[in-house]
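Data first, discussion second: the structure below is written as C-alpha cells.
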Amino acid sequence: MIPIAYWRNRKLYTRLIGSRCKRCGAEYYPPVKVCKKCGSVDLEEKEMPKTGTIISYTKLTEPPVDFKDYSPIYLAMIRLDNGVTVLGQIADAESEEIRIGMRVMATIRKWTEDGQNGIIYYGYKFKII
Amino acid sequence: MSKVYIKSAGLIPVGEHWNKSLTDLMVEASLNALKGQDGVKIDRIVVGNMMSGYLNNQEHLGALLASALGMKGIEALKVEAACGSGGMAVHEGYISVKSGDYENVLVVGVEKMKDADTQVLTKALAMAESADFTQVVGASFISLNALLMRMYMNKYNVQEEFLDYFPVIAHKNAVTAAHSQFKKAFTLEDVKRSPYLAEPIRLLSSAPSSDGAAALLLSSKPSDVEILASEVSTNELMISQRENPLKFEATEKAFKKAVEKAEINPSSVDFLEIHDAFPIVAALSLEAMGYSAEGRAGFDAANGKYNLDGDLPILTFGGLKARGHPVGGTGVYQIVEAYMQLTGTAGKNQVQGAKLGVTQNVGGVDTTSVVHILRKVS
Ligand SMILES: [Zn+2]
C-alpha cells in the first residue's frame, strides 16, 4: 500500500464515490474521466449504492505480501444495485456460506496496516445481509 | 513493406536456475539463437519482460543485453505487457522488420522469478491489474482467474473437472519436451487431490513460477518459417469493468485481425500454442478463437480434440502449465516452439505434417492479447 495514494483515494475507498456521465447517464466505479459508453468528458461525482448481489467469489489462501497476515481472504465480484460491478472482500464470512446471488451491503473495515506502528488502512468490504 | 521470417531460434530449459542471473538467462538464450549466424548484422534488440524492476532490482534490459552481448551501439529496448510481454516483444520485432527499416532483429523474452519470495511474487503479478482498485482490496492475480472460473462453472453448469483436463493435456505433452519444467504426467484425480490456491483453482491447475529465456532472430531475408500475421488487441484493464467477463474480447479481436491479415482459414491450423495460465484462461481463449463453442472447451478437451494426436493439438510442449511460465519469456517460448513444429525439429512432440501454427499470449486476464500466425515456407 502506498500511503499517499491511499490518502488521495480515501473518499472512494470509504464511500464508494464513482462517477456518472452527464450526457448518457452511465455510472462507474472506479470513477473515470472519459465515458466508456459515449466518449463524453463531462462527468460528475456519484456515490454508488451500498447494496448489491454476489456474482462470483473465491477463497484466497495465498494473498499478496501486503495482506499476508489476513489469510484467507474471501474475495467477490459484487453487482451493485445500479448495475456497476465492484471487486471487494466479504467481511466476517466463511466460504461455506457464500453463494452466487446472495445480497450484500458495503461496510467499512480494516484492509491492512503498515506494520505495528504504521498507518492502518480502512476501506469498503461487503457483508452478507 | 517487408515480409518477416524467423531465421533462427534458441531457448534454455525452463525451471529453477539458482546459479544463473537475469542477464545470464538472456545471454544464454540469445547465444543459442545466434549459433551459426556469425555473419549476420543485428539492427535492433527487443527484450520482453514484466517484473525485472520489482523482482530483480533491474531495469534498462535493452541496453543491458546489448552490452552483455558485446553489441554496444545497437538500438535496444524493453517492452512490457504483463504476462503478454514476450508476445509483445515479438510483435515489436515483427513491425520493425516489416517496416523495412531493420533487416535483422533479435527478440528475447525473459523472467527471473525464483529469486523472489512467493508473497512478493504474488504482489508483482497482481500489478497486471489496477494498483488503486484491484491490489488495494487484497486480490491476487490467481484470484481474478478464480472469480471467472466460478462464474463460468455457474453460467454453463460445468463441473470443475472438465476444465482440469487442460493441465492433464499440458503435463502429458511436457514429459517428452527437453526444455519443459515438469516432466511428469498426472491424472484428473491427481489434480482433484491437490489443494485449492483460490477456489476453484488448485495447485495442480495453476501455471508455476519459473526462470527462463527464449530468443528469436527475425529477418526480412527469406527463411524456413514466415510470420504471416502479428496482431494485438486490448480489453478493459479490470475484469470487473467488463460487460461480459466471460468473453475474451482482446483474444477474439486479435485472432480475427490475424486471420484476415494472414488470409488463412482457421480450420486449416495444425496446432495452437495458447495461454493456459489457468484452465479457465485456456477454455475462454479457445472459445474466443472459435475453436470450441461457448461453455464447451472443457468437454472438447475431455473428448481428446486437443491432444497431441487429436484434431487440433494444443500446448505441444506442455504450455505455461508444464513447460513452465517465465512470465515475460512465455510469449517468445510459444513462438520458438511453433518454429520447432514448423521446421520438423519437435522430436517426440512433433505434430505430423505441421504447416500452419497459431500462438496466443495474454497479459492480465485477456487484458492484452497477442496472436501470431506462422507458416512453414515450402
Ligand atoms: Zn456517457
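For this structure, a couple of remarks:
- Highest-fluctuation residue, B:GLN360, B:GLN37, B:GLN350 considered, GNM on chain B with Cα pairs under 10 Å: B:GLN37
- For the range B:122-133, backbone phi angles converted through the Karplus equation (6.51, -1.76, 1.60; θ = phi - 60°) give residue-by-residue couplings of 4, 5, 4, 5, 5, 5, 5, 10, 6, 5, 6, 10 Hz, Gly and Pro being listed as x.
- Amide H partners (placed H, <5 Å) of B:SER8, local residues excluded: B:LEU217
- A:THR112 long-range amide H proximity, modeled H, under 5 Å: A:TYR121
- Linear extension gain, B:GLU260 paired with B:LEU188, 0.36 nm per residue minus alpha-carbon span: 22.2 nm
- Long-range HN-HN contacts of B:ARG202 with modeled amide H, under 5 Å: B:LEU197
- Under conditions of 37 °C and 0.692 mPa s, the range B:134-249 yields 188 µm² s⁻¹ as its translational diffusion coefficient, taking Rh as the Kirkwood radius over Cα pairs in the Stokes-Einstein equation.
- Relative to its residue count, the range B:7-62 spans a Cα convex hull of 100 Å³ per residue.
- For the pair B:ASN154 and B:VAL377, a Förster radius of 45 Å applied to the C-beta separation gives a FRET efficiency near 0.45, rounded to the nearest 0.05.
- Under Karplus coefficients 6.51, -1.76 and 1.60, residue-wise ³J(HN,Hα) of the range A:50-56 in Hz, glycine/proline x: 9, 10, x, 10, 6, 9, 6
- Heavy atoms of the protein chains alone define the surface here; on that basis chain B has 35 Å² accessible area per residue at 1.4 Å probe size.
- Volume of the convex hull of the range B:37-108 (Cα atoms only), normalised per residue: 85 Å³.
- Taking the square roots of five times each eigenvalue of the Cα gyration tensor of the range A:11-105, the equivalent ellipsoid has semi-axes of 29, 15, 11 Å, listed largest first.
- Rounded tilt (10° steps) of B:327-342 against the dominant C-alpha axis of chain B: 80
- 3J(HN,Hα) along the range B:261-274: 5, 7, 6, 10, 9, x, 6, 8, 6, 8, 7, 10, 9, 9 Hz, from the Karplus curve 6.51 cos²θ - 1.76 cosθ + 1.60 with θ = phi - 60°, whole Hz, x for Gly and Pro.
- Candidate residues B:ASP211, B:ASP309: accessible-area rank, largest first, probe 1.4 Å: B:ASP309, B:ASP211
- When accessible surface is computed with a 1.4 Å probe, chains B and A are found to bury approximately 2900 Å² between them, both chains counted.
- A simple spin-label model places pseudo-atoms 7 Å from Cα toward Cβ; at A:ARG99 and B:VAL40 they are separated by 6.1 nm.
- Kirkwood hydrodynamic radius computed over chain B comes to 20.1 Å, based on all pairs of distinct alpha carbons.
- Dividing the convex hull volume of the alpha-carbon atoms in the protein assembly as shown by its residue count gives 152 Å³ per residue.
- For B:LYS192, the aspartates and glutamates whose Cα falls under 13 Å of its own Cα, not counting residues fewer than eight places away in the same chain, are B:GLU160, B:GLU161, B:ASP164.
- The mean sequence separation of alpha-carbon pairs under 8 Å and at least six residues apart, normalised by the residue count of chain B, gives a relative contact order of 27 percent.
The values are calculated or read from the model by the stated rules, or taken from the named source; none is laboratory data. The model shown is predicted, which means the values in this text are computed figures rather than measured ones. Neighbour counts are summed over all protein chains in view; Cβ atoms, including those assigned to glycine, are modelled from backbone coordinates with ideal geometry. For the accessible areas, the whole protein counts, side chains as well, though only heavy atoms, and no ligand, DNA or RNA atoms are used. Shrake-Rupley method; radii C 1.70, N 1.55, O 1.52, S 1.80 Å.
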